Amino acid sequence: MNNHKKTIIMGIESSCDETGVAIICVENGEKIILSNTVLSQLKDHKAFGGVVPEIAARAHMQHIDTLIKAALEEASLSLENLDAVAATTGPGLIGGVMIGMMAGKSIAVTQNIPFISVNHLEAHVLTPRLTNNVEFPYLVLLVSGGHTQILIANEGGQYQCLGSTLDDALGECFDKSAKLMGLGYPGGPELEKIALECRNKEQALEKYPLPSPLKGRKGCDFSFSGLKTAVRTHVEKMQSEELNRQEIADLAYAFQVSVADILKDRCQNAISAFQNTKKQSKGKFIVCGGVAANQYLRSQLNDLCDQNNMEFIAPPLKLCSDNGAMIAWVGYEKYVRSEFSGLDIAARPRWPLDENYAINSRKN
Ligand code: KG4
Ligand code: ZN
């Protein structure tokens, strides 16, 4: 890697419901996030209980210029100081992706600097290299609102997918289950919060038995739709007796236990495969994506790693959800390899990290 030069990269993220613009500086191997401005559209989508693509695209368009200015101001820089600009070009909601991508291309043209196209999933997967200096290869569990997969991250942008979801993404399952429980949007953090109010854990698990789809089966694929359906059945039964906060807390606790059970079972298979293929008796296990903010799941995965002699790493909460710094970091990794994109590059609503993985169908 080119460690001796000072390199300043802007990263732009707009693939879902967060507009993010960040500037990072890498000098002598030291990585500094100079600014990382994120504008969440949560309130714009709240009334609809999910992200509305047209509303998202309009909001990205309204705010992108302001965020670019704010990121430059916070970093005390101007556009002339940038060495390159990176933007998410997929996968994601196409209207939003195009807005961030066009903003990035415009800066590249006016400043005569390289434009770097970034895969949003790769940005989540490489975040621990920005925050924790993690070396390749490593095992990654990516769990977000749109994606759930386990990958081996190798040198040079090479990814081997070991498993992915056959139906819902984990964040989607959290959000839909939370909605069934009458909790606010986005459901993930709300569900985690109320689960802490569960008073009798054993009783909660007895009262609300939930399935762990694919548990005990070979491979590393996931399935979450059965879990969501089981939540629906429990909530419907409750409604005849009236929804009560304590009951919901117990159900939310049982839900998280079931999710942890599924993740640990699937990740155990992935750890064995990783340790076999890489001929390592240990290694690094990373969890990333929005759901990685969940403290209960983090601690359960940490235990699994201890049992397998793997080092557990989870990026700071602010860098788990969508942000521009992770885009700028992939921009930097590509910059040092001179992987620049032409200005004719198109946005991609689907863009799997491992094109060969057979099950990468609908979700990736
Ligand atoms: O990575 P992200 O910010 O956006 C996507 O690329 O999808 O992930 C958002 C997802 C949402 O489904 C949200 O409910 C979930 O991450 N999430 C959580 C928590 N915080 C965010 N799920 C469970 N527990 C949390 N604490
Ligand atoms: Zn994401």
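Every number here is computed from the coordinates shown, using simple stated rules; none is lab data. Here the structure is a predicted model, which means the values were calculated and not measured. When we count neighbours, we look across all protein chains shown, and the Cβ atoms used for this are built from the backbone with ideal geometry, even at glycine.
Some points to look at:
- Highest mobility in the GNM of the chain, judged by mean-square fluctuation with C-alpha springs under 10 Å and restricted to Gln280, Gln256, Gln41, is found for Gln280.
- Only lysine pairs 8 or more places apart, or on different chains, with alpha-carbon atoms under 24 angstrom apart are counted in the stretch 1-125, and they number 8.
- Selection from Val259, Gln280, Ala57, by position along the positive dipole direction of the chain (Cβ): Gln280
- Working from label points 7 Å from Cα in the Cα-to-Cβ sense, the Leu205 to Ser78 distance is 6.3 nm.
- Projecting the Cα atoms of Pro209, Pro91, Thr19 onto the dipole axis of the chain, where Lys and Arg carry +1 and Asp and Glu carry -1 at the beta carbon, places Pro209 farthest toward the positive end.
- Less than 5 angstrom separates the built amide H of Tyr138 from those of Ala153, all sequence-distant by 5 or more or on a different chain.
- Charge dipole (Cα centre; +1 on Lys/Arg Cβ, -1 on Asp/Glu Cβ; no other charges) of the stretch 307-360 amounts to roughly 120 debye.
- Per residue of the chain, the DSSP helices (runs of n ≥ 4 H) give a summed -39500 (n - 2.57) that works out to -14500 deg cm²/dmol at 222 nm.
- Restricting attention to the stretch 77-185, close to 70% of DSSP beta bridges with both partner residues there are antiparallel.
- In order along the stretch 250-259, the phi-based Karplus estimate (6.51 cos²θ - 1.76 cosθ + 1.60, θ = phi - 60°) of 3J(HN,Hα) comes to 5, 5, 4, 4, 4, 4, 5, 5, 5, 4 Hz; Gly and Pro are listed as x.
- For the chain, a simple Cβ point-charge model (Lys and Arg +1, Asp and Glu -1, everything else neutral) yields a dipole of about 560 debye relative to the Cα centre.
- Packing rank of 287-297, 311-321, where each peptide gets the mean count of other beta carbons within 10 Å, highest leading: 287-297, 311-321
- Percent antiparallel among DSSP beta bridges (both partners in the chain, rounded to 5): 60
- You can think of it this way: the chain between Thr66 and Ser225 has 53.3 nm of extra reach, that is 0.36 nm per residue less the Cα-Cα gap.
- Filtered GluC sites (Glu not before Pro), the stretch 226-294: DSSP coil and at most 10 other beta carbons within 10 Å: Glu242
- Annotation: amide H-H contacts under 5 Å for Glu311 (H modelled 1.01 Å from N, sequence separation of 5 or more, or interchain): Gly283, Lys284, Phe285.
- Rounded to the nearest 20, the Cβ-based charge dipole of the stretch 1-120 about its Cα centre (Lys and Arg +1, Asp and Glu -1) stands at 120 debye.
- The mean sequence separation of alpha-carbon pairs under 8 Å and at least six residues apart, normalised by the residue count of the chain, gives a relative contact order of 24 percent.
- Estimated inter-spin distance, Glu54 and Glu197, nm [label 7 Å along Cα→Cβ]: 3.7
- When peptides 204-215, 138-149 are ranked by their average number of other Cβ atoms within 10 Å per residue, the highest-first order is 138-149, 204-215.
- The residue among Asn200, Ala230, Ala103 whose Cα reaches farthest toward the positive pole of the charge dipole of the chain, with charges on the beta-carbon of Lys, Arg, Asp and Glu, is Ala230.
- Judged by the mean number of other Cβ atoms found within 10 Å, the most tightly packed of the peptides 216-223, 92-99 leads the ranking 92-99, 216-223.
- HN-Hα J in Hz across the stretch 142-148 - Karplus 6.51, -1.76, 1.60, θ = phi - 60°, x for Gly and Pro: 9, 10, 9, x, x, 9, 9
- Bridgeable lysines around Lys207 (alpha carbons under 25 Å apart, same-chain partners fewer than 8 residues away excluded): Lys176, Lys179, Lys193, Lys215, Lys228, Lys237, Lys264.
- If the chain linking Asn244 and Glu135 were pulled fully straight, counting 0.36 nm for each residue of separation and taking away their Cα-Cα distance, it would gain 34.4 nm.
- Here the Karplus curve 6.51 cos²θ - 1.76 cosθ + 1.60, taken at θ = phi - 60°, turns the phi angles of the stretch 175-191 into couplings of 5, 5, 5, 4, 5, 4, 7, x, 8, x, 10, x, x, x, x, 5, 5 Hz, with x standing for Gly and Pro.
- Whether the stretch 1-158 is rounded, prolate or oblate, judged on the alpha carbon gyration tensor where a/c under 1.5 counts as rounded: oblate
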